[in-house]
Amino acid sequence: MTEPNPAIRLSLPSKGRLAEDCLSFLAACGLPVYKPNPRQYEAVLPAIPDLHVLFQRPVDIAVSVRDGSVTFGITGRDVVEEFKGENSDVILLHNALNFGGCTLNLAVPEDWQNVLCVPDLTDRARQLGRPLRVATKYPSLAGRFLAQHNVPYQLVHAEGTLETAPAIGYADLICDIVSSGQTLRDNRLRPLPDGVLLTSQAVLIANREALRRNPAALPAARQLLEYFEAYLRASDNLAVFVNMRGDSPEAIAQRIFQECHIHGLQGPTISRVILPQDSQSWYAVNLIVPRRDLFQTIQDLRRIGGSGVVAVPVTYIFEEEPPRYTAMLAALNDPNA
Ligand SMILES: Nc1ncnc2c1ncn2[C@@H]1O[C@H](COP(=O)(O)OP(=O)(O)OP(=O)(O)O)[C@@H](O)[C@H]1O
Ligand SMILES: O=P(O)(O)OC[C@H]1O[C@H](OP(=O)(O)OP(=O)(O)O)[C@H](O)[C@@H]1O
Ligand SMILES: [Mg+2]
């Protein structure tokens with residue numbers, strides 16, 4: 001096997017919520033990661049042998065890609081937004097990898113009865129006669145949001161479980177990640193409905209200058225994006241096969257166009273079923289349909305004479321060009337960026 005190119009680095013989460021889901025996502029995309037030694041912070045991705053895979057903390061991934069020491073990274077959009085800095089070289093290659101979904105929220109103690117929305121925080125600070133102490137690991141995003149909403153605030157930096165800060169007494173409220181909301185409830189905190197700073201999920205980022213400097217990284221970017229896009233597009237769809245009587249493929253297509261809600265990606269593929277003796281003509285119809293439309297599709301196909309509907313998962317749907325790769329090339333060629 002080719003040795004990885006040390007200059008083309010992909011950093012993946014080493015721990016926390018994203019670590020396992022990231023490896024499962026890559027494997028499901030057909031890009032499994034092989035870690036020769038479980039204790040080592042390096043690995044290979046046999047499908048893209050040029051890539052040198054590293055493992056880092058999610059925050060450190062955002063920082064390493066920003067600095068250019070790492071070319072590509074998969075981490076949460078929340079940490080990318082917090083750490084990318086002004087006029088940064090971080091470019092978002094894929095903004096929705098469909099795991100690590102969460103929001104960054106302001107949450108207050110449940111018993112703050114008069115605080116139901118963000119503007120109420122300003123009144124609360126006035127009553128207390130001092131800025132509100134906000135515990136967070138996102139000082140930049142939290143500071144900007146609170147300033148925009150004219151809330152007098154003082155940030156309290158905290159590591160570990162922030163949700164205990166108000167009960168212990170070293171902060172008044174928190175700004176942290178929420179997913180199911182269970183951690184907030186366990187700590188008698190309540191999210192403010194208009195206090196959502198950001199919706200996050202796992203994203204693929206790259207360093208613009210590292211890509212410009214090293215054109216050998218472009219085929220790796222292309223392959224990552226091809227597989228990610230084709231896999232994510234396919235995971236929402238099913239391939240449906242059904243046999244149908246009819247005089248001709250065109251006649252069956254007409255019935256489908258007139259009677260069905262679902263027509264497939266471009267249109268149905270219809271091919272003749274060869275029978276041992278020449279009786280009636282049968283045709284096999286193939287369609288790609290959104291998973292959520294399966295029930296409707298089965299009913300539609302039955303109504304127009306379909307029999308024996310088979311539905312199977314789709315692994316990949318490749319478009320002619322991965323749109324996000326084209327967008328990446330445009331971002332690299334933009335002389336103002
Ligand atoms: N409950 C959650 N559900 C879904 N995604 C989450 C959740 N909590 C965090 N994330 C995502 O995972 C990323 C890493 O968070 P996590 O708490 O796992 O990191 P960590 O490595 O434990 O960091 P730290 O040591 O600072 O706590 C976050 O930046 C966010 O994008
Ligand atoms: O809304 P929920 O579903 O309860 O999830 C939110 C919690 O998840 C994350 O912490 P995590 O559990 O990863 O632990 P950590 O504090 O050690 O990072 C985050 O920091 C919240 O505390
Ligand atoms: Mg954590």
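The values are calculated or read from the model by the stated rules, or taken from the named source; none is laboratory data. The structure displayed is predicted, hence computed values, not measured ones. Positions of Cβ are backbone-derived with ideal geometry, glycine not excepted, and every protein chain shown enters the neighbour counts. Remember, those area values only see protein heavy atoms, side chains included, never the ligands or the DNA or RNA. Shrake-Rupley method; radii C 1.70, N 1.55, O 1.52, S 1.80 Å.
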Those residues that are within 15 Å of ligand 3 (Cβ to nearest atom) and over 16 Å from V178 (Cα atoms), I need them from the stretch 55-81; list them, please.
Q56, R57, P58, V59, D60, I61, A62, T75
Reported set for the stretch 112-158 where residues are within 16 Å of ligand 3 (Cβ to nearest atom) and closer than 19 Å to G181 by Cα is A135, T136, K137, Y138
Six or more apart or on different chains, Cβ atoms under 7 Å: show the pairs whose first residue is in the stretch 68-90 and more than 19 Å from F25 (Cα to Cα) and whose second is in a loop (DSSP other than H, G, I, E, B) and aliphatic (A, V, I, L, M).
T71/I8
Exactly one of I177, I168 is free of Cβ contacts under 8 Å to residues at least 12 places away in the same chain and of a type in the set (A, V, I, L, M, F, W, C), and that one is I168
Would you pick out the residues in the stretch 219-269 that are open to solvent by less than 70 Å² (accessible area, probe 1.4 Å) and free of Cβ contacts under 8 Å to residues at least 24 places away in the same chain?
A251, A253, G267, P268
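Where in the stretch 217-336 are the helices (runs of 4 or more DSSP H), entirely inside, with at least 1 residues that are closer than 30 Å to N5 by Cα?
Details: elements: 217-235, 249-259, 294-303, 323-333.
Of the helices (runs of 4 or more DSSP H) lying wholly inside the stretch 217-336, those with at least 1 residues that are closer than 30 Å to N5 by Cα span 217-235, 323-333.
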Would a scan of the stretch 127-150 turn up a residue that is within 16 Å of ligand 1 (Cβ to nearest atom) and more than 30 Å from D21 (Cα to Cα)?
no
Subset of the stretch 192-218 [surrounded by 15 or more Cβ atoms within 10 Å (Cβ to Cβ) and charged (D, E, K, R)]:
R208
Tell me whether the stretch 4-25 contains one or more residues that are without any contact (Cβ under 8 Å) to a residue 40 or more places away in the chain and away from ligand 1 (no atom under 16 Å from the Cβ).
no
Within the stretch 101-132, restricting attention to residues that are under 31 Å from the mean Cα position of the chain (by Cα) and in a loop (DSSP other than H, G, I, E, B), which residue is nearest to D194 (Cα to Cα)?
C117
Which ones in the stretch 182-208 are free of Cβ contacts under 8 Å to residues at least 40 places away in the same chain and within 16 Å of ligand 3 (Cβ to nearest atom)?
Q182, T183, D186, N187
Within the stretch 152-197, how many residues are more than 10 Å from ligand 1 (Cβ to nearest atom), at positive phi and in contact with a strand residue (DSSP E or B) (Cβ under 9 Å, 6 or more places away or on another chain)?
1
Unmet requirement for Y170, which otherwise passes all of (1) open to solvent by 60 Å² or more (accessible area, probe 1.4 Å); (2) within 16 Å of ligand 3 (Cβ to nearest atom)
(2)
Of the residues Q182, Q154, which single one is outside the structural domain of V59 (by TED's automatic domain parsing) and exposed (fewer than 12 other Cβ atoms within 10 Å of the Cβ)?
Q182
For R9, which of the numbered conditions (1) modelled with pLDDT under 95; (2) open to solvent by 60 Å² or more (accessible area, probe 1.4 Å) fails to hold?
(1)
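So which of G30, G73, G68 is away from ligand 1 (no atom under 16 Å from the Cβ), touching a Ser or Thr at 6+ places or on another chain (Cβ under 9 Å) and of a type outside the set (S, T, Y)?
Values: G73 fails: away from ligand 1 (no atom under 16 Å from the Cβ); G68 fails: touching a Ser or Thr at 6+ places or on another chain (Cβ under 9 Å).
From the options G30, G73, G68, the qualifying one is G30.
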Conditions (1) in contact with a strand residue (DSSP E or B) (Cβ under 7 Å, 6 or more places away or on another chain); (2) within 16 Å of ligand 2 (Cβ to nearest atom); (3) among the β-branched types (V, I, T): number failed by V79
(1)
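Within the stretch 293-312, does at least one residue satisfy the condition of being of a type in the set (S, T, Y) and surrounded by fewer than 17 Cβ atoms within 10 Å (Cβ to Cβ)?
Quick first cut of the stretch 293-312, residues of a type in the set (S, T, Y) only: 297, 307.
Keeping just the survivors that are surrounded by fewer than 17 Cβ atoms within 10 Å (Cβ to Cβ) gives 307.
Within the stretch 293-312 (the criterion being of a type in the set (S, T, Y) and surrounded by fewer than 17 Cβ atoms within 10 Å (Cβ to Cβ)), the answer is yes, since at least one residue qualifies.
Residues to consider are D247, D236; find the one that is within 20 Å of the chain's Cα centre (by Cα) and modelled with pLDDT under 95.
On the way: D247 fails: within 20 Å of the chain's Cα centre (by Cα).
Being within 20 Å of the chain's Cα centre (by Cα) and modelled with pLDDT under 95 holds for just one of D247, D236, which is D236.
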